[in-house]
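What follows is a short report on a single structure.
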Amino acid sequence: MSSTNLPIAKAITAGLRDAMAADDKVLLMGEDIGVLGGVFRVTDGLHAEFGSQRVVDTPLAEAGIVGTSVGLAVRGYRPVVEIQFDGFVFPAFNQITTQVAKMHNRTAGAVHMPIVIRIPHGGGIGAIEHHSESPEALFAHTAGLRILAPATAQDAYWMTRQAIECEDPVIIFEPKKRYWVKGDVDPDHRPELSPWEATVVRQGTDATLLAWGPSMPLALESAEAAAEDGIDLEVIDARSLAPIDYPTIIASVKRTGRLLITHEAPVVGGLGGEIAARISEECFYHLEAPVLRVGGYHLPYPPSRMEHAYLPDLDRVLDGVDRLLEH
Amino acid sequence: MSSTNLPIAKAITAGLRDAMAADDKVLLMGEDIGVLGGVFRVTDGLHAEFGSQRVVDTPLAEAGIVGTSVGLAVRGYRPVVEIQFDGFVFPAFNQITTQVAKMHNRTAGAVHMPIVIRIPHGGGIGAIEHHSESPEALFAHTAGLRILAPATAQDAYWMTRQAIECEDPVIIFEPKKRYWVKGDVDPDHRPELSPWEATVVRQGTDATLLAWGPSMPLALESAEAAAEDGIDLEVIDARSLAPIDYPTIIASVKRTGRLLITHEAPVVGGLGGEIAARISEECFYHLEAPVLRVGGYHLPYPPSRMEHAYLPDLDRVLDGVDRLLEH
Amino acid sequence: MVQLLAADGTRTPHAEFDAVLDGPDGAGGLATPERLRGYYRDMVMIRAADVEATSLQRQGQLGLWASALGQEAAQIGAGHASREQDYLVPTYREHGIAWARGIEPWRLLESFRGVSHGGWDPNELRTHPYMIVLGSQAPHAVGYAMGLQRDGVVGTGQPETDTAVLALFGDGASSEGEVSEAFTFAASFQAPVVFYTQNNQWAISVPTSVQSRVPLAQRSRGWGIPSVRVDGNDVLAVLGAVRIALDSARAGKGPVFVEALTYRMAAHTTSDDASRYRPSSEEEEWAQKDPILRLRRHLEQLGEIDEAYIARCDEEAHDLAMQLHHHIHGMEDPDPVGMFTHAYAEPHPIVEVEREQYLEYMAQFENDDDIDKSAEQKGERA
Amino acid sequence: MVQLLAADGTRTPHAEFDAVLDGPDGAGGLATPERLRGYYRDMVMIRAADVEATSLQRQGQLGLWASALGQEAAQIGAGHASREQDYLVPTYREHGIAWARGIEPWRLLESFRGVSHGGWDPNELRTHPYMIVLGSQAPHAVGYAMGLQRDGVVGTGQPETDTAVLALFGDGASSEGEVSEAFTFAASFQAPVVFYTQNNQWAISVPTSVQSRVPLAQRSRGWGIPSVRVDGNDVLAVLGAVRIALDSARAGKGPVFVEALTYRMAAHTTSDDASRYRPSSEEEEWAQKDPILRLRRHLEQLGEIDEAYIARCDEEAHDLAMQLHHHIHGMEDPDPVGMFTHAYAEPHPIVEVEREQYLEYMAQFENDDDIDKSAEQKGERA
Ligand SMILES: Cc1ncc(C[n+]2csc(CCOP(=O)(O)OP(=O)(O)O)c2C)c(N)n1
Ligand SMILES: Cc1ncc(C[n+]2csc(CCOP(=O)(O)OP(=O)(O)O)c2C)c(N)n1
Ligand SMILES: [Mg+2]
Ligand SMILES: [Mg+2]
């Protein structure tokens, strides 16, 4: 009954607000997140509601933002950091990789790092350089981090809450191009589904299509287009990128015998490779075709008037499906 | 005739010296590389020979080192940067990922980035935290970069020279635990082999074992141990990690039908995954077993008195070979 | 804060600056009436181009535009303070600098339109590309300056060939660690680089006071780098300060930091809504300090400008805007296959394979439908 | 540079410092004869532990050791300047600080031996772990201090409970951008943090002059953060400066920077060979300024130390070294399966699977050879 219809951005706002109301150790840090409410308005209203001690407009320095969050976490706070765009996470890379990820292990569990790093990511928004990237693989390789990629408003709300409650650091890659797409959110009933589990969002028999975050609508659209050609795709939303929920994917692939992975990041060295390698190993005797990947090219993200050719789209995914089924 | 026997570290020194003598635009930048000759003595003697304008002891700031190199490259220089240890490359991650890798593309080819970034890497030397890592996958995902991983003194010499001559930025991961292992170097005859090609260092028929850099001796040792059990392994030295020389690997796997990859980096999200994914795709009908990987665990690199259990060793590789052949 | 032109255009004497401005530089100084008129024209021109770019964005011709309205004196002044041989390292809002360096405005628009990530050859125009990752360019500037030292074009006593670097970053960007590292390297190696901040009071919604509680100019003193703070809406103060600084740097005396106090009159970009974080009264207050108006008043006081000149400038500015309009509207979208061209300077097998795959994939559409513009058609189907 | 104790041990008056040192703090001031003797003992003890650690490294018991010889006054002074409730953020050579905070020396050796990456609970001992990635800890310190502000334990007027953070970094580390960002955040939020550099003249082989051409203390002034430079081999100067700074910070007056001039008497670490880059004459010169000797002379001048006390300190120091020796020699290697325990705080399926695989794999050896210590046996076969 309590479900409301919200754009993904607002679902995150609600998740942040409810987390802050529930636990006064939760605080937000970032550039322009205060009075402005963030360049995507995700923190809109929170500064007015919680004040500048809990919604902190920081100096313009990502290492400083993440680094001070580490100290706040040691002191018992639960900082939620906003990185303004995917391409600006790199100045904080050292803090994330050598500090956030390792402090719990370094102190043999004495210190927890319940830090959430929110990163609006992905392309297709006609932006300038450094505003359209998908660097998830660069974090998934580092033990100590967890990564979530919500694709729906409901996940956006609950993953925000669950990430904040998690005692480990969590990076949330938010699908920026879909911030204003609406969906039902039920903030009153905690879902039974763990945030670390993948979900089969469409059942099918001919092949499995795995995607996450910004690529989910494309995956579903592709399944419908394929259905018109008589191909029945099973679609999985990975949801968690670290850890990856292999049992769900393996169960599906063992049924369908085929797997296509699509993501916006370049295929070379992308997360799809890790998943393909593992599935190829675990489902060796079930695979009727090699695991295929459709993603970005091994290029810097191109200028926006070329991005349609760079990003996976319906045709490229269907082409992948065709190649998968040719086997 | 002109071949000399040198430890890997000294082969690199010789490569640097000869490159500096051949082109006065080549200069070295880094921490402690001057009078001290680097903490591994790789630049030993070069400061005395070329002076402090060409062998530059920089302030202690990796982003500054790599960032000033970008400017020097724009001005026509060919900077060779030393990062003191693998774990200290992260403060420079932004410069490498968003600047070094992208400047050529950003300027539509007007500006070249002939920068070499030398990183002593890998574990097994009993070191403290952050001194034993293998972060190559974190760079291989970014287009615009090239990565070399010499395993022999000859490669150490020539890859250093060829990287410096390359118009693209090249990261060289140097096998620090093998710096003092000697090998023949022929500085007078430019090898016909391209640095971007893999080599079959041992021919075999039962399975292919792929490794690089610090793992090569382990790979060869494993092949000999396996031979004692009647298993004939083909061993490939990948040499270039970006780009990976797939034709050589594919040709081998098509012959042997089996591939095991070993590296020190954690398996999760490591370069082995990308290679496994691609080989599984390209050799689908030739593989008699899934591509297997033996590498580090999904953990922060452990304290040195546990590293023997973390790093792949003979037993773990042979265990991998056994599992590969069980199929 | 050094100010030479008061709000009403009156010029105050300043021994050090006057020596540089009125001294024998080229044709009789940097502040001859003719040059002053030139600066005026430049500011009018670049403002017109800027306003036109905003409207091109509204028309969907640009993905985004970052207006530099209000910062014309800070940019035209600094641009002309540099000498031909100097290398300039901009951030992404340096349209006046680019204009003064002779970079045609449409080139600036390429990256905002989304047809390239740059638009010019940095070495040809001695101007680094626009840079988006804030602060990242600061060490580049220092490195370039270290190259100058090695090339022997610093401190030879020849100001016409000795060379320096002008490195720009915003008040917000000043907080990035890489800017501090640039200070460290510049100071350590006494590199011929002038750091230049247009403190336009805001970093998107964050006021400069969050980046520094003391005048930003003070920052570099922590490294022993001398600094000066000038009125950034006063083209003469900027010109003098930056010229003095660059000449000192080229003479081998090490880095200098110049902070120009100015104001971002427009929103941060066309995506921003400044009314959410700053009162319009502040904008109005700064409108009174308009840099173009100030220089015009000064020229009027000197009796060195007339209505005809003003009108001609306006006309030329209008023409420039129209040219820009037509140029951009007439710009064809690049063939996406071009994205494969410059990732690497040398051949790269993976890129080659992917390029082949892309072409083969695109060829399907041509064959299927016998249509030439496969990319377009593909766009439609998706 | 503030110096209170001359080389011969004579104490110079200094109004501000004396007020703090001799004023009523706890039992009658920080510089009572009893406390002075305590500092002397502390310095003797930690030096002995340090020397023992070096020999443990030579014996193969430690992988590496970073000696703090010569920096005893700079560390014991700063450690005792902090109050019980303060949080200390060390780098990796802070053995005297740790000693003053009550961290047993063997705990420091864990990471150098390679049995853990830390060794203590930071919150229990109010001391951050040793940090290896230079500069990374500086923003942590500021963040912790921001937490103190939110906890309401800053500026309440209660110096016994009001809390501050002491953040350490070396002269070399001062160049890392993250240290500058820490200054920015600390200044912006007026966080209760004292930055403290032991300028020991060297960053491995690189002299401090490469990091800064002006006194390092000046660095923080770029952010308006007040700073003071003291003789780091003078325990009273350090004690006074750090106590004044911490009390100012805890009172809510914002960050302070203290630079202590001292000297790294040993090589950088046991892997280093200092003779490659510095003349032994420099080492000899600094040996004359030995901080322990200086305090002893002072105590002798005061007539507050006798041979018996000195001998007792030496004896205790010897005992400590022996204890350390036996403790380390007796340390068992950890079971590597422990490496799987703390990567994550919450259950992680991949780590669990890998842990299972590891155990299964190890079990093979047990079954094969009926040997308990499979790890060892495995080591042999490899
Ligand atoms: C590393 C990085 N972080 C964040 C951003 C997003 N961003 C773009 S402009 C801007 C504000 C810049 O302010 P300032 O440096 O004062 O320059 P101005 O916009 O005022 O010209 C921000 C936060 C970025 N481009 N790069
Ligand atoms: C980010 C980073 N870069 C490089 C190193 C390698 N390194 C360890 S100690 C050291 C010198 C440190 O000098 P300083 O900060 O003065 O401290 P000191 O050793 O004198 O105590 C260097 C370069 C490191 N630990 N971290
Ligand atoms: Mg600004
Ligand atoms: Mg030092």
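The values are calculated or read from the model by the stated rules, or taken from the named source; none is laboratory data. Predicted model only: the values in this text are computed from it and were never measured. With ideal geometry, Cβ positions are generated from the backbone for all residues, glycine too; neighbour counts draw on all protein chains shown.
The table below lists the values:
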item	result
Elements of type helices (runs of 4 or more DSSP H) in the range B:201-306, at least 2 residues being surrounded by fewer than 24 Cβ atoms within 10 Å (Cβ to Cβ) and more than 14 Å from chain A (Cβ to nearest Cβ)	B:216-228, B:246-256
Residue in the range D:194-220 that is farthest from ligand 1 (Cβ to nearest atom), counting only those that are touching a residue at least 12 places away in the same chain (Cβ under 8 Å) and among the hydrophobic types (A, V, I, L, M, F, W, C)	D:Trp202
Filter result (surrounded by 24 or more Cβ atoms within 10 Å (Cβ to Cβ), part of a loop (DSSP other than H, G, I, E, B) and either within 8 Å of chain D (Cβ to nearest Cβ) or charged (D, E, K, R) (or both)) within the range C:155-196	C:Asp171, C:Glu176
Residues located in the range D:116-144, provided they are facing chain A (nearest Cβ under 7 Å) and aliphatic (A, V, I, L, M)	D:Val133, D:Ala141, D:Val142
Criterion violated by C:Ala217 - all others in (1) of a type in the set (Gly, Ala, Ser); (2) out of contact with any helix residue (DSSP H, G or I) (no Cβ under 9 Å at 6 or more places or on another chain); (3) more than 14 Å from every other protein chain (Cβ to nearest Cβ) satisfied	(3)
Qualifying residue in the range C:221-232 (condition: touching a residue at least 40 places away in the same chain (Cβ under 8 Å), assigned to a helix (DSSP H, G or I) and away from ligand 4 (no atom under 16 Å from the Cβ))	yes
Failed criterion for B:Val321 (all others in (1) more than 7 Å from every other protein chain (Cβ to nearest Cβ); (2) part of a helix (DSSP H, G or I); (3) in contact (Cβ under 8 Å) with a residue 24 or more places away in the chain; (4) within 20 Å of the chain's Cα centre (by Cα) hold)	(4)
Any pair with Cβ under 8 angstrom, 6 or more apart, that starts in the range D:273-299 at a residue that is farther than 15 Å from D:Thr262 by Cβ and ends at one that is assigned to a helix (DSSP H, G or I) and of a type in the set (Phe, Trp, Tyr)	D:Arg296/D:Tyr40; D:Leu299/D:Tyr40
Selected residue (only one of C:Gly119, C:Gly143 is assigned to a helix (DSSP H, G or I) and either out of contact with any Cys (no Cβ under 7 Å at 6 or more places or on another chain) or within 16 Å of ligand 3 (Cβ to nearest atom) (or both))	C:Gly143
Only one of C:Arg47, C:Arg41 that is part of a helix (DSSP H, G or I), closer than 17 Å to C:Leu108 by Cβ and in contact with a helix residue (DSSP H, G or I) (Cβ under 8 Å, 6 or more places away or on another chain)	C:Arg47
From the options C:Ala66, C:Ala31, C:Ala49, C:Ala7, residue that is of a type outside the set (Phe, Trp, Tyr), crowded, with 22+ Cβ neighbours inside 10 Å, touching a Lys or Arg at 6+ places or on another chain (Cβ under 8 Å) and within 22 Å of C:Lys289 (Cα to Cα)	C:Ala66
Any hit, the range D:348-362, residues being assigned to a loop (DSSP other than H, G, I, E, B) and exposed (fewer than 15 other Cβ atoms within 10 Å of the Cβ)	no
The listed residue being in the same structural domain as D:Gln288 (by TED's automatic domain parsing), modelled with pLDDT under 95 and not hydroxyl-bearing (Ser, Thr, Tyr), out of D:Pro159, D:Pro207, D:Pro215, D:Pro139	D:Pro159
Some residue of the range D:16-35 being within 29 Å of D:Asp151 (Cβ to Cβ) and of a type in the set (S, T, N, Q)	no
In the range C:133-186, the residues that are touching an Asp or Glu at 6+ places or on another chain (Cβ under 8 Å) and of a type in the set (A, V, I, L, M)	C:Leu134, C:Ala138, C:Val153, C:Val154, C:Ala164, C:Val165, C:Leu166, C:Leu168
Residue match in the range C:131-149 (condition: away from ligand 1 (no atom under 16 Å from the Cβ), surrounded by fewer than 23 Cβ atoms within 10 Å (Cβ to Cβ) and closer than 15 Å to C:Pro192 by Cβ)	yes
Residues that are away from ligand 2 (no atom under 16 Å from the Cβ), at the interface with another protein chain (Cβ under 9 Å from one of its Cβ atoms), assigned to a loop (DSSP other than H, G, I, E, B) and buried (at least 24 other Cβ atoms within 10 Å of the Cβ), drawn from the range B:125-141	B:His141
Any hit, the range A:6-27, residues being modelled with pLDDT of 95 or more, within 9 Å of chain D (Cβ to nearest Cβ) and under 22 Å from the mean Cα position of the chain (by Cα)	yes
Identity of the residue in the range C:93-114, within 13 Å of another protein chain (Cβ to nearest Cβ) and surrounded by 20 or more Cβ atoms within 10 Å (Cβ to Cβ), that ends up nearest to the chain's Cα centre (by Cα)	C:Arg93
Residue identified as within 14 Å of chain C (Cβ to nearest Cβ), touching a residue at least 24 places away in the same chain (Cβ under 8 Å) and either out of contact with any Leu (no Cβ under 8 Å at 6 or more places or on another chain) or within 16 Å of ligand 1 (Cβ to nearest atom) (or both) among B:Gly87, B:Gly122, B:Gly67	B:Gly67
Residue count for the range C:318-352, restricted to those that are at the interface with chain A (Cβ under 9 Å from one of its Cβ atoms) and more than 24 Å from C:Arg113 (Cα to Cα)	3
From B:Pro217, B:Pro247, B:Pro302, residue being without any contact (Cβ under 8 Å) to a residue 24 or more places away in the chain and closer than 30 Å to D:Phe112 by Cα	B:Pro302
Residue selected from the range C:96-107 under the condition assigned to a helix (DSSP H, G or I) and without any contact (Cβ under 8 Å) to a residue 40 or more places away in the chain, by the criterion nearest to B:Arg106 (Cα to Cα)	C:Arg107
Any hit, the range D:179-187, residues being farther than 19 Å from D:Gly96 by Cβ and within 16 Å of ligand 4 (Cβ to nearest atom)	yes
Any hit, the range C:40-54, residues being of a type in the set (A, V, I, L, M) and without any contact (Cβ under 8 Å) to a residue 40 or more places away in the chain	no
Within the range D:261-306, tally of residues that are surrounded by 15 or more Cβ atoms within 10 Å (Cβ to Cβ), in a loop (DSSP other than H, G, I, E, B), away from chain B (no Cβ under 14 Å) and more than 20 Å from the chain's Cα centre (by Cα)	3
Unmet criterion (only one of (1) farther than 25 Å from C:Asp234 by Cβ; (2) of a type outside the set (A, V, I, L, M, F, W, C); (3) within 16 Å of ligand 3 (Cβ to nearest atom)) for C:Thr197	(1)
